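So the structure is just underneath, and the comments pick up after that.
The values are calculated or read from the model by the stated rules, or taken from the named source; none is laboratory data. Here the structure is a predicted model, which means the values were calculated and not measured. Using ideal geometry, Cβ is built from the backbone for each residue, glycine included, and neighbour counts are taken over all protein chains shown. Ligands, DNA and RNA are stripped out before the accessible areas are found, and what is left, the full protein with its side chains, is counted by its heavy atoms. Shrake-Rupley method; radii C 1.70, N 1.55, O 1.52, S 1.80 Å.
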Amino acid sequence: MIQSSMSALRPLRTLLFGEHYSLTRFCSGFVSRMRYINRLKENDAACLSALQNGHIFLFHRLIPLLQCSDPETFRPIALTYSEVQSVLHKCGSDGSLLKESILIGCSEQNHAQFCLDVGELDPAAIAQNCKGTFMDLRKAFFLLEGAEAPLVAKAQALLQWHQINRFCGATGQLTQRNQAGSQRACSSSSIVYYPKMSPVVIVLVSDGKRCLLGRQSSFPRGLYSALAGFCDMGETLEEALRREVAEEVGLEVQNIIYSSSQHWPFPHSSFMLACHATVSPAHSQLNVDHLELEDARWFTEEEITCALQTGAACRAS
Ligand SMILES: NC(=O)C1=CN([C@@H]2O[C@H](COP(=O)(O)OP(=O)(O)OC[C@H]3O[C@@H](n4cnc5c(N)ncnc54)[C@H](O)[C@@H]3O)[C@@H](O)[C@H]2O)C=CC1
Ligand SMILES: [Mg+2]
């Protein structure tokens, strides 16, 4: 009975996951990778050994080292420990810098992944030795392969967090990081600091036919975006969303629906929580706070589709 129901499932499995699908491997691969990363965060010796067998992504003053396969596609360069050691030697460093690498993940091939900022060394020499280019993440972000953009963003965010959290806020003493770089601790106050993200709500408000987009004066010309704002201490997601929309465009929204979330590295790690919300057409008159937004407008679906298709600036009629 069990056997026959299992074999009945086989075509569906193949359809969903391909010929080489194996339930055991599929589940345990993810679980074991997550447990492995967790163990490396807690065990300095294991983390150091993983670094020696892992892959390292280089940054120079928070700018990632990338390889351009064609003008439209960039990839971060995964180097082995010995490759980085050799590049550092060629650039006049003794290689001790390698211990400052920070754990960022684990590849599907079970290689621990690290990032390292070589900010004290000559970027041109590093780039030449690695056959890559240091490229500002804001420019490269949308040209990176889908799965690699979050990894590079996470690496940059962690490197930045370490650079600006070297001292304990209570004692002013230098803090010490663990080998993985997943925390910093002050030996005087015993405070442990963890990498921080600021929660931000981003909301697409609709009146049933149109949706509301706004722009800050700092945005590139012609760029409009869904409204966004930082959550205040003590607020729920819904309270932050209602307050931000009220502050920025003077509307009271209803029917808040959570959609998805994303880490956003610029300028200092935000945790973006995306929602949809509505206002009734009778209450859609905008009262824009021009201290916060340069402009906000209602856009029709056709206007947005047209702007997305042409890549042109989204302009209201
Ligand atoms: N449509 C948008 O505005 C988009 C925003 N983002 C991200 O969301 C973030 C928040 O959006 P904004 O409209 O700028 O926020 P906002 O509407 O809350 O205004 C920013 C102001 O909030 C204050 N603030 C409160 N908590 C803060 C914190 N933890 N960190 C920094 N400032 C804080 C500061 O005075 C700052 O000038 C942006 O920094 C950006 O990274 C991303 C995509 C689109
Ligand atoms: Mg805002």
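Quick notes on this structure:
- Leading residue by the ranking (farthest from ASN38 (Cα to Cα)) among those in segment 53-87 that are aromatic (Phe, Trp, Tyr) and part of a strand (DSSP E or B): PHE74
- Within segment 259-306, considering residues that are of a type in the set (A, V, I, L, M) and away from ligand 2 (no atom under 15 Å from the Cβ), the one farthest from ARG242 (Cα to Cα): ILE304
- Condition met for MET233 (within 14 Å of ligand 1 (Cβ to nearest atom) and loosely packed, with under 11 Cβ neighbours inside 10 Å): yes
- Residue in segment 253-267 that is β-branched (Val, Ile, Thr), more than 15 Å from ligand 1 (Cβ to nearest atom), farther than 28 Å from GLY146 by Cβ and assigned to a strand (DSSP E or B) present: yes
- Yes/no for VAL288 being among the aliphatic types (A, V, I, L, M), modelled with pLDDT of 95 or more, open to solvent by less than 60 Å² (accessible area, probe 1.4 Å) and assigned to a loop (DSSP other than H, G, I, E, B): yes
- Yes/no for GLN216 being within 16 Å of ligand 1 (Cβ to nearest atom) and not aromatic (Phe, Trp, Tyr): yes
- Selected residue (only one of PRO199, PRO220 is open to solvent by 80 Å² or more (accessible area, probe 1.4 Å) and either assigned to a strand (DSSP E or B) or modelled with pLDDT under 95 (or both)): PRO220
- Restricted to helices (runs of 4 or more DSSP H) entirely inside segment 88-172, those with at least 3 residues that are open to solvent by 70 Å² or more (accessible area, probe 1.4 Å) are 148-164.
- If the condition is being within 13 Å of ligand 1 (Cβ to nearest atom) and in contact (Cβ under 8 Å) with a residue 40 or more places away in the chain, then segment 220-230 contributes LEU223, TYR224, ALA226, LEU227, ALA228, PHE230.
- The single residue among ALA307, ALA246, ALA282, ALA274 that is without any contact (Cβ under 8 Å) to a residue 60 or more places away in the chain and within 15 Å of ligand 1 (Cβ to nearest atom) turns out to be ALA246.
- Looking only at segment 227-257, and only at residues there that are in contact with a Cys (Cβ under 8 Å, 6 or more places away or on another chain) and within 19 Å of SER284 (Cβ to Cβ), the one that is nearest to ligand 2 (Cβ to nearest atom): LEU241
- Any hit, segment 262-281, residues being in the same structural domain as SER225 (by TED's automatic domain parsing), modelled with pLDDT of 95 or more, of a type in the set (Val, Ile, Thr) and over 15 Å from LEU227 (Cα atoms): no
- Looking across segment 207-217, the residues that are more than 11 Å from ligand 2 (Cβ to nearest atom) and open to solvent by less than 30 Å² (accessible area, probe 1.4 Å) come down to ASP207, CYS211, LEU212, LEU213.
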